[in-house]
């Protein structure tokens, strides 16, 4: 499914403080976007709005299919894969159990399956180990692999290389090259290397103090 996301005069405040407002942007299928800004500018908040995990304080977010048919925001989660530091894995599960659990809710990309995901992670020897015994870098790899290998047209990445070493960073870039280029991909980051492939930049710093 091809989808585009339309942000119309989007704003968000917590209590009386505006995080940002008056954002107008159309995110197109098969394009890549980087959400940029200083700490506290609302990068993660905007990503949560795009994912329909939060509602805007003002404005409207629409999800439109290739046939210009509106998609219900309540069901858009089926079309989205999200990776973020604040999303936790079920650490009592083994890697095999988590993969099985995750793909009860998402379909595999064509040509992928549980064994291929484990091979991608290079964790075959740890596949029966509980995730609570994984290092922070291993857990981040798992989050990324589950998202990239899910058959969703929208891929949302918040600080995607958190806890990854240099080898893990190169692995992330290889995932992008293999599995992200034909999706609507959005990256929140302050590290240029994480979003260097993104064709479009959304700079949030200029939206904080705009009047309604």
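The values are calculated or read from the model by the stated rules, or taken from the named source; none is laboratory data. Quick caveat: nothing in here was measured; it's all calculated off a predicted structure. Note that each Cβ is placed from the backbone with ideal geometry, even for glycine, and that neighbours are counted across all protein chains shown.
Need pairs with beta-carbon distance below 8 Å; first residue free of Cβ contacts under 8 Å to residues at least 60 places away in the same chain and within region 92-103, second loosely packed, with under 15 Cβ neighbours inside 10 Å and in a helix (DSSP H, G or I); sequence gap 6+ or separate chains.
Correct list of pairs: 92/132; 93/101.
Does residue 142 fit the bill of being closer than 16 Å to residue 175 by Cβ, more than 17 Å from the chain's Cα centre (by Cα) and at pLDDT 95 or above? Before you say what the answer is, go through the steps one by one.
On the way: closer than 16 Å to residue 175 by Cβ: yes; more than 17 Å from the chain's Cα centre (by Cα): no; at pLDDT 95 or above: yes.
Criteria not met by residue 142.
Take residue 68 and decide whether it is over 18 Å from residue 200 (Cα atoms), at pLDDT below 95 and under 18 Å from the mean Cα position of the chain (by Cα).
Numbers: over 18 Å from residue 200 (Cα atoms): yes; at pLDDT below 95: yes; under 18 Å from the mean Cα position of the chain (by Cα): no.
Taking the combined requirement at face value, the residue does not satisfy it.
Please go through region 194-207 and give me each residue that is outside any loop (DSSP other than H, G, I, E, B) and either surrounded by 15 or more Cβ atoms within 10 Å (Cβ to Cβ) or touching a strand residue (DSSP E or B) at 6+ places or on another chain (Cβ under 6 Å) (or both), ordered by number. Before you say what the answer is, go through the steps one by one.
Going through region 194-207, the residues outside any loop (DSSP other than H, G, I, E, B) turn out to be 194-195, 200-203, 205-207.
Of everything in region 194-207, those that are outside any loop (DSSP other than H, G, I, E, B) and either surrounded by 15 or more Cβ atoms within 10 Å (Cβ to Cβ) or touching a strand residue (DSSP E or B) at 6+ places or on another chain (Cβ under 6 Å) (or both) turn out to be 194, 195, 200, 201, 202, 203, 207.
I'd like the full set of residues that are under 21 Å from residue 68 (Cβ atoms), touching a helix residue (DSSP H, G or I) at 6+ places or on another chain (Cβ under 9 Å) and outside any strand (DSSP E or B), limited to region 6-45.
Listed by number, the list is empty, since nothing qualifies.
Can residue 88 be described as surrounded by 14 or more Cβ atoms within 10 Å (Cβ to Cβ), without any contact (Cβ under 8 Å) to a residue 12 or more places away in the chain and within 27 Å of residue 123 (Cβ to Cβ)?
On the way: surrounded by 14 or more Cβ atoms within 10 Å (Cβ to Cβ): no; without any contact (Cβ under 8 Å) to a residue 12 or more places away in the chain: yes; within 27 Å of residue 123 (Cβ to Cβ): yes.
When the stated conditions are applied, residue 88 does not pass them.
Take residue 143 and tell me if it is out of contact with any helix residue (DSSP H, G or I) (no Cβ under 7 Å at 6 or more places or on another chain) and in a loop (DSSP other than H, G, I, E, B). Give the steps one after another, and end with the answer.
Working: out of contact with any helix residue (DSSP H, G or I) (no Cβ under 7 Å at 6 or more places or on another chain): yes; in a loop (DSSP other than H, G, I, E, B): no.
The answer is no for residue 143.
Output the residues belonging to region 173-193 that are touching a residue at least 60 places away in the same chain (Cβ under 8 Å) and not in a loop (DSSP other than H, G, I, E, B). Before you say what the answer is, go through the steps one by one.
Within region 173-193, the subset touching a residue at least 60 places away in the same chain (Cβ under 8 Å) is 179-190.
Within region 173-193, 179, 184, 185, 186, 187, 188 qualify.
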